[in-house]
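A quick write-up on the structure given underneath.
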Amino acid sequence: MILSDQTLSSEYRFLDANDPEGAFTVFLPRERDHEYGVDHFQDSFYIRTNKGAKNFRLMKTPVTATSMEHWTEVIPHRTDVLLEEFEIFKNHLVLSERSKGLIGLRIIPWDGGGEHYIDFGEPAYTAYISTNPEFDTAVLRFGYTSMTTPSSIFDYDMVARKKTLLKQEEVLGGFDAGDYQTERVYAAASDGAVVPISMVYRKGMKKDGANPLVLQGYGSYGYSTEATFNSSRLSLLDRGFIYALAHVRGGEEYGRQWYEDGKLLKKKNTFTDFIACAEYLAAERYTNADRLFAVGGSAGGLLMGAVANMRPDLFKGIIAQVPFVDVVTTMLDESIPLTTSEYDEWGNPNDKQYYDYMLSYSPYDNVEPKAYPNMLVTTGLHDSQVQYWEPAKWVAKLRALKTNDTLLLLKTNMEAGHSGRTGRFKRFQETAFEYSFMLDLVGIGR
């Protein structure tokens with residue numbers, strides 16, 4: 001199989017492995033807004049497709065007839081379930097489905113009996129189909145992690161329904177998962193949408209409004225914010241912090257519509273969803289505005305810039321990592337390699353409708369004379385995705401216009417690109433710097 005894809009379309013070519021000198025055949029010609037994936041089993045191809053199915057469905061067709069008129073349905077489209085992935089075994093079909101923001105691994109025997117989901121037993125987690133090179137086996141290898149469970153690899157006997165832990169990320173320093181608790185709550189957005197929040201904290205946390213809390217968000221490109229383990233967070237949790245993830249629109253937690261409701265001319269939903277999550281956490285006394293921090297990077301840095309302009313009063317501090325904050329200027333520059341391919345996400349500002357909408361939320365263009373929270377802005381000199389001058393000019397404008405004396409720090413790493421410094425341990429220096437920013441502001445560790 002050879003795959004060629006673009007943000008909104010796919011095209012596969014296939015070749016019989018018994019004829020390696022033969023010519024590849026196009027499975028189905030590229031068509032805008034049609035994304036599909038193909039696998040082979042016996043005398044059929046199986047196709048995950050969004051044709052007539054926003055959240056994707058599973059189809060099959062004979063190997064000898066790949067055009068759509070020959071396709072038959074195996075798994076139908078569902079408005080409340082996103083079909084993310086499938087894996088074929090000799091005796092089982094395994095589906096990775098996202099429902100209510102969480103991944104379910106669905107086991108379907110080809111003979112029709114014993115269909116079931118793997119039970120993970122936690123309110124917020126991430127699971128995925130791992131590498132399964134063996135076809136004739138009843139064992140599925142999958143990955144699992146949660147905000148309290150380090151990254152783990154399991155073998156699952158699909159007949160006996162038994163999990164076997166093969167490997168788990170080692171966490172030094174006397175870590176005990178039983179010392180921590182994960183929780184999933186829901187905030188109501190201004191238009192009635194229900195936005196999930198996953199969080200972790202040390203057991204014994206009191207909902208008295210006095211806890212420092214970090215709220216992280218992204219919400220772009222259909223990338224779902226996953227409830228995964230991060231050993232670095234333990235440093236904050238053990239000092240009384242709550243760490244929360246806002247599953248805002250622009251991701252795909254609730255399916256494709258959740259993504260489409262946070263892009264193009266609906267992008268502001270991403271920002272108002274995050275604000276709704278912050279308001280909820282304060283109202284429910286997990287924290288208060290004087291101990292609440294917001295964190296996001298890249299397109300999540302755009303989110304940080306937008307909420308800083310829209311509701312600066314909600315946050316004690318904001319950390320914007322390599323933030324995409326000069327939206328209009330960057331999207332008008334077609335010489336930047338990523339620009340034109342990003343039109344499907346943000347819109348083309350050469351079209352006045354998109355220009356005006358971008359201008360209405362672009363963080364740099366909406367800085368105004370008022371009080372802003374404490375802010376730490378980071379960038380890298382060699383960043384090819386968000387060039388360093390975007391956050392630099394944003395910080396300069398903030399310094400010129402903000403009316404209070406809160407901290408405003410710009411840290412430019414002269415050796416880093418978009419993903420931070422390379423090297424096994426250097427990334428921890430960046431994390432420590434950001435944590436120090438927050439710890440200092442709430443008076444911990446002095």
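What follows draws every value from the coordinates through simple rules; no lab data is involved. Everything quoted here is computed from the prediction, not taken from an experiment. Glycine also receives a Cβ, built like all others from the backbone with ideal geometry; neighbour counts cover every protein chain displayed.
Tabulated values for the structure
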| read-out | value |
| --- | --- |
| Note, ³J(HN,Hα) from phi for the stretch 22-28, Karplus 6.51, -1.76, 1.60, rounded to Hz, x at Gly and Pro | x, 9, 6, 10, 5, 5, 8 |
| Beta bridges per DSSP with both ends in the chain, % antiparallel, nearest 5 | 75 percent |
| Dipole axis of the chain (+1 Lys, Arg; -1 Asp, Glu on Cβ), positive-most option in 361, 375, 36 | 375 |
| Sum of side-chain charges, residue 363 neighbourhood, beta-carbon under 15 Å (Lys, Arg +1; Asp, Glu -1) | +4 |
| Most mobile listed residue (363, 150, 29) in the chain, GNM with C-alpha springs under 10 Å | 29 |
| Cα-projected label distance for residue 176 with residue 5, points at 7 Å along beta-carbon direction, nm | 4.4 nm |
| Anisotropy class of the stretch 311-417 from Cα gyration tensor, a/c 1.5 cut | oblate |
| Gain in span if fully extended, residue 64 to residue 186, counting 0.36 nm per residue against the direct Cα distance | 39.1 nm |
| Mean-position separation - Cα centroids, the stretch 240-269 and the stretch 57-73, in angstrom | 33 Å |
| Structure-derived Kirkwood radius over Cα pairs in Å: which label, when the choices are (1) 23.8; (2) 21.9; (3) 22.7 | (1) |
| Residues whose placed amide H lies under 5 Å from that of residue 216, excluding near-sequence neighbours | 244, 245, 246, 295 |
| Under the Karplus curve 6.51 cos²θ - 1.76 cosθ + 1.60, θ = phi - 60°, whole-Hz ³J(HN,Hα) for the stretch 224-235, x wherever Gly or Pro sits | 6, 7, 8, 7, 10, 8, 9, 4, 4, 5, 4, 4 |
| Lys, Arg +1 and Asp, Glu -1 on Cβ, resulting dipole of the chain about Cα centre, debye, nearest 20 | 1580 debye |
| Nearest-20 debye value, the stretch 177-441 charge dipole, Cβ charges on Lys, Arg, Asp, Glu | 820 debye |
| Cα centroid separation, the stretch 161-239 to the stretch 376-419 (Å) | 28 Å |
| Size of charge dipole - the stretch 162-307 - debye, nearest 20, with Cβ of Lys, Arg +1 and Asp, Glu -1, no other charges | 100 debye |
| Beta bridges by DSSP in the stretch 177-441, antiparallel share as percent, to the nearest 5 | 35 percent |
